[in-house]
Amino acid sequence: MNIHEVEIQPVDMFGKRGVGFVKIKADVSLVVNGKEEEKKIPGIAFLRGDAVGILVALCCEDGKVYTVLVEQPRVPLGTVRCIELPAGMIDDNDTVKGIVIKELKEECGITVKKSELTELTKLAYEDAYEKGHIPSLGMMPSPGGCDEMIGLYYVEKKVTVTELNDMQGRLEGNREEGEHIQLHIVPYDDAWKYCGDSKLLSAMFLYEKLRQKGKILLPGTSASPLTNTNA
């Protein structure tokens with residue numbers, strides 16, 4: 001495609017981070033067999049950068065597997081009770097896995113090591129990325145209007161019934177960043193019923209497909225004891 005012009009529209013700044021969100025309108029033509037098409041293709045885009053989402057398997061002593069979801073206000077949806085997968089935006093101040101660890105601590109009070117993280121999107125899409133089918137190793141929530149690519153991760157922890165009960169309904173989040181988060185501990189197999197969050201649904205789907213292909217072991221195989229920042 002040929003990009004003739006790019007108009008930068010509203011820009012939102014994120015404090016010390018600098019540029020946060022940007023909206024652009026581009027004049028773009030598609031090139032087919034070396035010839036530029038007369039009809040322009042849609043060129044309006046919301047640039048917000050990449051993010052991560054973390055699927056946590058809590059392998060309980062009662063023999064069941066649970067996961068943790070976060071409830072928080074979401075102005076774009078007009079609700080104060082949006083339930084979704086723990087997630088966060090990527091910035092230049094840390095590695096991607098460092099962001100995953102930071103978000104789990106802030107949103108869920110759970111401490112993990114980099115070695116415990118499994119990158120679902122890398123395992124699933126490495127071949128597609130090498131063939132040029134996708135621009136980076138991530139899930140595309142809205143490619144028709146947004147540049148965001150979300151790296152999905154998986155981690156599992158061993159927990160006691162007491163630890164699960166302590167987490168249920170607990171308030172978390174970084175108040176300095178305006179976060180007001182409440183935890184929901186739900187049976188893993190039922191998590192898809194709790195919300196329509198694309199991060200959660202994609203992470204669960206990728207985990208199951210990768211497990212079927214033998215690229216990931218059954219839950220509990222590599223689980224380490226829960227370390228809780230609020231314990």
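The values are calculated or read from the model by the stated rules, or taken from the named source; none is laboratory data. Since this is a predicted model, take the numbers as computed values, not measurements. All Cβ positions, even for glycine, are placed from backbone atoms using ideal geometry, and neighbour counts span all protein chains on display. Ligands, DNA and RNA are stripped out before the accessible areas are found, and what is left, the full protein with its side chains, is counted by its heavy atoms. Shrake-Rupley method; radii C 1.70, N 1.55, O 1.52, S 1.80 Å.
Observations on the structure shown:
- Every pair of residues 6+ apart whose Cβ atoms lie under 7 Å, when the first sits in region 199-221 and is outside any loop (DSSP other than H, G, I, E, B) while the second is among the basic types (Lys, Arg) and open to solvent by 90 Å² or more (accessible area, probe 1.4 Å): none
- Every pair of residues 6+ apart whose Cβ atoms lie under 9 Å, when the first sits in region 126-152 and is in a helix (DSSP H, G or I) while the second is among the basic types (Lys, Arg): 129/122
- Number of residues in region 22-53 that are exposed (fewer than 15 other Cβ atoms within 10 Å of the Cβ) and in contact with a Leu (Cβ under 7 Å, 6 or more places away or on another chain): the value is 2.
Results for (1) more than 18 Å from residue 105 (Cβ to Cβ); (2) among the β-branched types (Val, Ile, Thr); (3) open to solvent by less than 40 Å² (accessible area, probe 1.4 Å); (4) at pLDDT 95 or above, shown as yes or no for each residue.
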{"residue": "135", "(1), (2), (3), (4)": "yes, no, no, no"}
{"residue": "143", "(1), (2), (3), (4)": "yes, no, no, no"}
{"residue": "151", "(1), (2), (3), (4)": "no, no, yes, yes"}
{"residue": "173", "(1), (2), (3), (4)": "no, no, yes, no"}
{"residue": "179", "(1), (2), (3), (4)": "no, no, yes, no"}
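- For the residues 45, 51, the requirement of being farther than 30 Å from residue 189 by Cα and either small (Gly, Ala, Ser) or in contact with a helix residue (DSSP H, G or I) (Cβ under 9 Å, 6 or more places away or on another chain) (or both) singles out 45.
- Condition check for residue 91: open to solvent by 10 Å² or more (accessible area, probe 1.4 Å) and in contact (Cβ under 8 Å) with a residue 60 or more places away in the chain: yes
- Test: residue in region 206-215 that is over 20 Å from residue 53 (Cβ atoms), of a type in the set (S, T, N, Q) and modelled with pLDDT under 95: yes
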